[in-house]
Amino acid sequence: MKSRLITIGLMAAAAILVACGSSSTASDPTASTDPTSTPIGPGTTQLNVVTTIYPVTYFAERVGGDRVQVTSLVRPGVEAHDFEPTPGDILTIADADVLVYTHPAFEGWIDGAIDAAANSSLISIKTADLPDDAEISHDHGDGDDHGHEDDDDHGHEGGDDHGHKDDDDHDDHGHEDEHGHDEEKELLEGVGHIIEEVEDGDITADAGIEEIEELLGGHGHEGEDEHGDEDHGDEEHADEEHLEELKKEILAVVEQAESGQVTAEDGIEQIETIIGAHGYDGHDDHGHKDDDDHDDHGHEDDDEHGHEDGDGHDHGGVDPHVWLNPIEATEQVRAIQAALTQADAAGAATYQSNADALVAELLELDGEIGDALASCTLDHMVVSHEAYGHLAERYGLEQIGLADLSAEFESTPRRIAEIIEEMRELGVSHILQEPILSDDLAQTVAAETDAEVLPLHPMESLTQAELDAGSNYFTVMRSNMESLKTALGCS
């Protein structure tokens, strides 16, 4: 609500500023339509790319290379959760060719800022494949299931980053008679079943890749005639587009596995991530959930990376920190590649090459972290801020947060006492603290438990000192890996 009110206020001011900027350019025939652009070759100029938080800024710089000029709205050292755009930021968006952000669940101000900028030629890209209506939230209820507005995790619609689906589009059960929705559900369950067979040791990962490829062949798009000659509504068309997007994402990983770019095991894990992002939650049709309704990694599946303890302290909402899982980071990289290519088709080969190199580094990083955390004494980590759900899920961990996803909630004394007791029961002797936030609470809990405080960086933003020292996405992730190895007692 705060973001919406501030953005409404900014819209009027920005509209005046944008209008003034436009008139001054028009009155000066020598003025450049893009004063920030600089030549990069015969007949070409740099793309003006505006980004939000550090991870997407780094990825955009790597993918774009010399063909882009990247401007980050969230300055170094700024607490990204507290960021609100200024009229100057709206003008920056108004002058941009491409806008790269994570998801409105993180940048809650983004849609209002885009509207205020009134840039009709802007290509904006949402890089996190999360439900369209996802929000960071928390609830301190009485233990009831409070429900989640993102009942249908199939909200990502590809290129239309700002379209709004109607209520029926989010109903998992209200469209069982629609071909696109039925086929997507069938595909998700089929792929999920194959992955479960691999994880249970019933078939090899190579055989799983082959079976998934065969399954995709059986779910080919049949064309318009399959549905008859009658017109179909926008709703059904969106379902079909989303199904095709899902197939392409899975097929891309299958091809990488078959060509040897990734191992079959890594391919299976990537496909598991993809179907999870598209709403597959390990349905109990195949009997693979335990009695406590936990998934294979020990996380409750009430919501996307949410957590609910026994006292009804529900850390609900969707975790948007997807970049902390290197596999999901590759999806962000590909989304950025697509947006830059759309804006600058002449640079397609460059963007492809740069993105391929970055994806290869991310896959290597994923392997390093997986190996480092393969033999650990503990699988629970106490963190200052529940920003690590995607990382935890990827490597089979459970986070216990002193603060929830919003990073604004302050735990009650009762909750802190429960965490201290949990630490003692589990043998946890370290607290992982986000560097940019106050560590007062972490130090208090550490004093009560004789624990050591170690850094674990969510990388929403880096300080200027960190950047000056040469820190980047990979150095920070490897530093996080070392903290995790220590905290989890890994050999």
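The values are calculated or read from the model by the stated rules, or taken from the named source; none is laboratory data. These numbers were taken from a predicted model, which means no experiment stands behind them. Counting neighbours? That spans all protein chains shown, and the Cβs are built from the backbone with ideal geometry, glycine included.
Going by the structure shown, is V322 of a type in the set (A, V, I, L, M) and either touching a strand residue (DSSP E or B) at 6+ places or on another chain (Cβ under 8 Å) or surrounded by fewer than 23 Cβ atoms within 10 Å (Cβ to Cβ) (or both)?
no
Please go through the range 449-466 and give me each residue that is in a helix (DSSP H, G or I) and surrounded by 14 or more Cβ atoms within 10 Å (Cβ to Cβ), ordered by number.
Within the range 449-466, T449, E466 qualify.
If I filter the range 332-356 down to residues being among the aliphatic types (A, V, I, L, M) and without any contact (Cβ under 8 Å) to a residue 24 or more places away in the chain, which single residue comes out as farthest from Q443 (Cα to Cα)?
Filtering the range 332-356 for residues that are among the aliphatic types (A, V, I, L, M) and without any contact (Cβ under 8 Å) to a residue 24 or more places away in the chain, the one farthest from Q443 (Cα to Cα) comes out as A345.
Within the range 367-394, take every residue that is of a type outside the set (G, A, S) and under 16 Å from the mean Cα position of the chain (by Cα) and give me the one that is nearest to I419 (Cα to Cα).
Per the criteria, the residue is E386.
Based on what the data block shows, is E421 part of a helix (DSSP H, G or I) and either acidic (D, E) or under 17 Å from H321 (Cα atoms) (or both)?
Spelling it out, E421 is indeed part of a helix (DSSP H, G or I) and either acidic (D, E) or under 17 Å from H321 (Cα atoms) (or both).
Just name the residue that is surrounded by the fewest Cβ atoms within 10 Å (Cβ to Cβ) out of those in the range 369-387 that are assigned to a helix (DSSP H, G or I) and touching a helix residue (DSSP H, G or I) at 6+ places or on another chain (Cβ under 7 Å).
A372
With respect to the numbered conditions (1) at pLDDT 95 or above; (2) over 30 Å from T57 (Cα atoms), which one is the sole condition not fulfilled by L441?
Of (1) at pLDDT 95 or above; (2) over 30 Å from T57 (Cα atoms), only one is false for L441: (1).
Being at pLDDT below 50 and in the same structural domain as T52 (by TED's automatic domain parsing) narrows it down to one residue among H138, H103; which is it? Before the answer, list the steps.
Details: H103 fails: at pLDDT below 50.
The conditions single out H138.
Criterion first (buried (at least 17 other Cβ atoms within 10 Å of the Cβ), charged (D, E, K, R), closer than 20 Å to E249 by Cβ and at pLDDT below 95) does E189 satisfy it?
Criteria not met by E189.
Pairs only if they're at least six apart or on different chains, beta carbon under 8 angstrom, first in the range 377-388 and in the same structural domain as E434 (by TED's automatic domain parsing), second at pLDDT below 95 and part of a strand (DSSP E or B); list them, first residue then second.
V382/G401; V383/G401; S384/G401; H385/G401; E386/H307; E386/H315; E386/G401
Please specify each residue of the range 404-418 satisfying the condition of being modelled with pLDDT of 75 or more, surrounded by fewer than 19 Cβ atoms within 10 Å (Cβ to Cβ) and not in a helix (DSSP H, G or I).
The answer is T412, and nothing else.
I'd like to know if the range 217-236 contains one or more residues that are at pLDDT 70 or above and over 19 Å from the mean Cα position of the chain (by Cα).
Among the residues of the range 217-236, at least one is at pLDDT 70 or above and over 19 Å from the mean Cα position of the chain (by Cα), which makes the answer yes.
Looking only at residues in the range 467-491 that are under 19 Å from D379 (Cα atoms) and either among the acidic types (D, E) or part of a loop (DSSP other than H, G, I, E, B) (or both), which one is farthest from the chain's Cα centre (by Cα)?
S491
Under the condition of being assigned to a loop (DSSP other than H, G, I, E, B) and out of contact with any strand residue (DSSP E or B) (no Cβ under 6 Å at 6 or more places or on another chain), which residue from the range 424-440 is nearest to V383 (Cα to Cα)?
Within the range 424-440, the first condition is being assigned to a loop (DSSP other than H, G, I, E, B), and the residues that meet it are 427-429, 434-439.
Narrowing further to those that are out of contact with any strand residue (DSSP E or B) (no Cβ under 6 Å at 6 or more places or on another chain): 427, 429, 434, 436-438.
Details: G427: 15, S429: 12, E434: 8, I436: 13, L437: 12, S438: 13 Å.
It comes out as E434.
Answer yes if at least one residue in the range 429-439 is over 24 Å from E79 (Cβ atoms) and either in the same structural domain as A392 (by TED's automatic domain parsing) or buried (at least 17 other Cβ atoms within 10 Å of the Cβ) (or both), and no otherwise.
Looking through the range 429-439, at least one residue is over 24 Å from E79 (Cβ atoms) and either in the same structural domain as A392 (by TED's automatic domain parsing) or buried (at least 17 other Cβ atoms within 10 Å of the Cβ) (or both).
Of the conditions (1) modelled with pLDDT under 95; (2) part of a loop (DSSP other than H, G, I, E, B); (3) at negative phi, H81 satisfies every one except a single condition; which number is it?
If we test H81 against (1) modelled with pLDDT under 95; (2) part of a loop (DSSP other than H, G, I, E, B); (3) at negative phi, just (2) comes out false.
Kindly indicate the residue of the range 48-69 that is within 21 Å of A80 (Cβ to Cβ) and among the polar types (S, T, N, Q) and also surrounded by the fewest Cβ atoms within 10 Å (Cβ to Cβ) among those meeting that condition.
Of everything passing the filter in the range 48-69, T57 is surrounded by the fewest Cβ atoms within 10 Å (Cβ to Cβ).
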